[in-house]
1. Please list, ordered by first then second residue, the pairs with beta carbon atoms under 8 Å, 6 or more apart or interchain, first in the range 109-128 and farther than 12 Å from THR147 by Cβ and in contact (Cβ under 8 Å) with a residue 40 or more places away in the chain, second outside any helix (DSSP H, G or I) and small (Gly, Ala, Ser).
2. Scan the range 181-192 and give yes if some residue there is of a type in the set (Phe, Trp, Tyr) and either in contact with a Lys or Arg (Cβ under 9 Å, 6 or more places away or on another chain) or at pLDDT below 85 (or both), otherwise no.
3. Looking for something within 17 Å of LEU6 (Cα to Cα), among the aromatic types (Phe, Trp, Tyr) and at pLDDT 95 or above - is there at least one such residue anywhere in the range 56-69?
4. Is it the case that the range 40-52 has a residue that's within 26 Å of MET1 (Cβ to Cβ), at pLDDT 90 or above and among the hydroxyl-bearing types (Ser, Thr, Tyr)?
5. Can you go through THR147, THR114, THR87 and tell me which one is hydroxyl-bearing (Ser, Thr, Tyr), crowded, with 17+ Cβ neighbours inside 10 Å and outside any strand (DSSP E or B)?
6. Please list, ordered by first then second residue, the pairs with beta carbon atoms under 8 Å, 6 or more apart or interchain, first in the range 154-170 and part of a helix (DSSP H, G or I), second among the polar types (S, T, N, Q).
Amino acid sequence: MKLGVLGGTFDPVHNGHLIIAEDVKRSLGLDSILFVPAGQPWLRAYKPVASAKDRLEMVRLATAGKPYFDVSSVEIERPGPSYMQETIADLKRKRKAGTEIYLILGWDSIATLTKWKEPQKLVEMCHLVAVHRPGYALPDLLAMEETVPGISRRVIVMEKPEIDISASSIREKIGKGLPVDTLVPKSVADYIREHRLYRQGGKIWIKKK
């Protein structure tokens, strides 16, 4: 079995995440994609705006109806900072022997891999799928070999799709009173409106269809 893993804060999950997951699954012939919302992202300078409970529920809503998409709450349930190396190790223990894991990362995340917890173990346990992100260059994988031996042989570089959507821009649009209905699934937009997420001044910034 070939399993794709897409982690992130998903604050909120958006159509870009879903397009990337679909494209990677199709391009690499994966059997399924597992979305893993982070509990306490340790490498980010800011904390997620929405609660872990809300972010998890939005991912579940966004992936509903697609049997090849699944959601894991392992990082939310695990106490302390969220480390992908621990998540992949946990998946390796619980999945059937012979399962190949493909960790989906943006080019910007690949560039910071040397700062992650035990990156060497991570590249030994799974393949890394480097997805293009506008505004970022693919790091020099050969140069990274000095810190993470073998990484250049474990990375699958994808030039497409080029998705120029970010959770931060969506939160900014909501804060400015702009609609984001074309950027997130309708079920997620409805959830944001119902639970009054990402709002300012007591107003809710999602248009109701």
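1. Hits for this filter: ILE110/ALA130.
2. Taking the range 181-192 first, the residues of a type in the set (Phe, Trp, Tyr) are 191.
Retained after the next criterion (residues that are either in contact with a Lys or Arg (Cβ under 9 Å, 6 or more places away or on another chain) or at pLDDT below 85 (or both)): none.
No, the conditions are met nowhere in the range 181-192.
3. As a first pass, look at the range 56-69 and keep what is within 17 Å of LEU6 (Cα to Cα): 56-64, 66-69.
Filter again for among the aromatic types (Phe, Trp, Tyr), leaving 68-69.
After this cut, where a residue has to be at pLDDT 95 or above as well, the list is 68-69.
Yes, there is a match, as at least one residue in the range 56-69 is within 17 Å of LEU6 (Cα to Cα), among the aromatic types (Phe, Trp, Tyr) and at pLDDT 95 or above.
4. no
5. Values: THR147 fails: crowded, with 17+ Cβ neighbours inside 10 Å; THR114 fails: crowded, with 17+ Cβ neighbours inside 10 Å.
Result: THR87 is the single residue among THR147, THR114, THR87 that is hydroxyl-bearing (Ser, Thr, Tyr), crowded, with 17+ Cβ neighbours inside 10 Å and outside any strand (DSSP E or B).
6. Every condition considered, the pairs that remain are ALA167/THR9.
The values are calculated or read from the model by the stated rules, or taken from the named source; none is laboratory data. A quick note: this is a predicted structure, and the numbers were derived from the prediction, not measured. Don't worry about glycine lacking a Cβ; one is built from the backbone with ideal geometry, like all the others, and counts go over all protein chains shown.
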